[in-house]
1. Might you check whether a residue that is among the hydroxyl-bearing types (Ser, Thr, Tyr), within 30 Å of GLU113 (Cβ to Cβ), within 19 Å of the chain's Cα centre (by Cα) and not in a loop (DSSP other than H, G, I, E, B) occurs anywhere in the stretch 36-43?
2. Quick check, is ASN75 exposed (fewer than 15 other Cβ atoms within 10 Å of the Cβ), assigned to a loop (DSSP other than H, G, I, E, B), within 14 Å of the chain's Cα centre (by Cα) and polar (S, T, N, Q)?
3. List the number of the failed condition for ASN31; all other conditions in (1) modelled with pLDDT under 90; (2) of a type in the set (S, T, N, Q); (3) on the phi > 0 side of the Ramachandran plot hold.
4. For the stretch 122-136, give me each residue that is in a loop (DSSP other than H, G, I, E, B), surrounded by 14 or more Cβ atoms within 10 Å (Cβ to Cβ) and in contact (Cβ under 8 Å) with a residue 24 or more places away in the chain.
5. Given the criterion surrounded by fewer than 16 Cβ atoms within 10 Å (Cβ to Cβ) and more than 16 Å from CYS42 (Cβ to Cβ), identify the matching residue among ASP83, ASP107.
6. Considering (1) in contact with a strand residue (DSSP E or B) (Cβ under 7 Å, 6 or more places away or on another chain); (2) closer than 25 Å to ASN137 by Cβ; (3) exposed (fewer than 11 other Cβ atoms within 10 Å of the Cβ); (4) not small (Gly, Ala, Ser), say which one PHE101 fails and leave the rest.
7. So which of GLU119, GLU88 ends up being acidic (Asp, Glu) and surrounded by 14 or more Cβ atoms within 10 Å (Cβ to Cβ)?
8. Condition check: part of a loop (DSSP other than H, G, I, E, B) and under 19 Å from the mean Cα position of the chain (by Cα). Does ASP23 satisfy that?
Amino acid sequence: MTKANEKHRRMELRKDIGNRIIDPPNPPPYNRGAKYLVAHACFTCNKSFKRSVENKDTKHICPQCAGVAYEMGRNFRAPRKNDKKQWEKVKRLYAAGYRFFGSGTHDGKKLPEKLSDVEQFIKDNKNHPLRVAEPINISELK
């Protein structure tokens, strides 16, 4: 008998009497990927900040004014704090159901750059890929 065969025979004897129990390997835990932060905006103080969105039912609070912070999406780029027209544009788009998700490449028309173009854009683009939420009354946004 060779040395390798003898070792194998002894290992089998140990297994048979219960001294050598080999547990199958545990599969690695499922990797859910990185936890991303999503941009939130407060329309009261015109500030944007990022928060995690672990629970969709959680209302986020603005750290500046303690008002409601609305989830804008991962691709949201906030205008300057003192640019009132751009914040009004963002507010109207949010109220119309537009969110800033995705990679930025979509088949829809580019979002308007000026406040004066928003109303016509909303009328013309009812099925835009970034329009993912139901429209709400703009007076509900505080």
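The values are calculated or read from the model by the stated rules, or taken from the named source; none is laboratory data. Here the structure is a predicted model, which is why all the values come from computation and not from measurement. Cβ sites come from the backbone with ideal geometry, for glycine too, and all protein chains shown count toward neighbours.
1. Taking the stretch 36-43 as the starting set, the residues that turn out to be among the hydroxyl-bearing types (Ser, Thr, Tyr) are 36.
Subset that is within 30 Å of GLU113 (Cβ to Cβ): 36.
Cutting the leftovers down to within 19 Å of the chain's Cα centre (by Cα) gives us 36.
So of that shortlist, the ones also not in a loop (DSSP other than H, G, I, E, B) come out as none.
Within the stretch 36-43, not a single residue is among the hydroxyl-bearing types (Ser, Thr, Tyr), within 30 Å of GLU113 (Cβ to Cβ), within 19 Å of the chain's Cα centre (by Cα) and not in a loop (DSSP other than H, G, I, E, B).
2. yes
3. Status for ASN31: all satisfied but (3).
4. Let us first name the residues in the stretch 122-136 that are in a loop (DSSP other than H, G, I, E, B), namely 125-130, 132-136.
Applying the additional criterion that residues be surrounded by 14 or more Cβ atoms within 10 Å (Cβ to Cβ) yields 125, 128-130.
Selection gives HIS128, PRO129, LEU130.
5. After ruling out the rest, the residue left standing is ASP107.
6. Looking at each condition in turn, PHE101 falls short on (3).
7. Details: GLU119 fails: surrounded by 14 or more Cβ atoms within 10 Å (Cβ to Cβ).
Of the residues listed, the single one that is acidic (Asp, Glu) and surrounded by 14 or more Cβ atoms within 10 Å (Cβ to Cβ) is GLU88.
8. no
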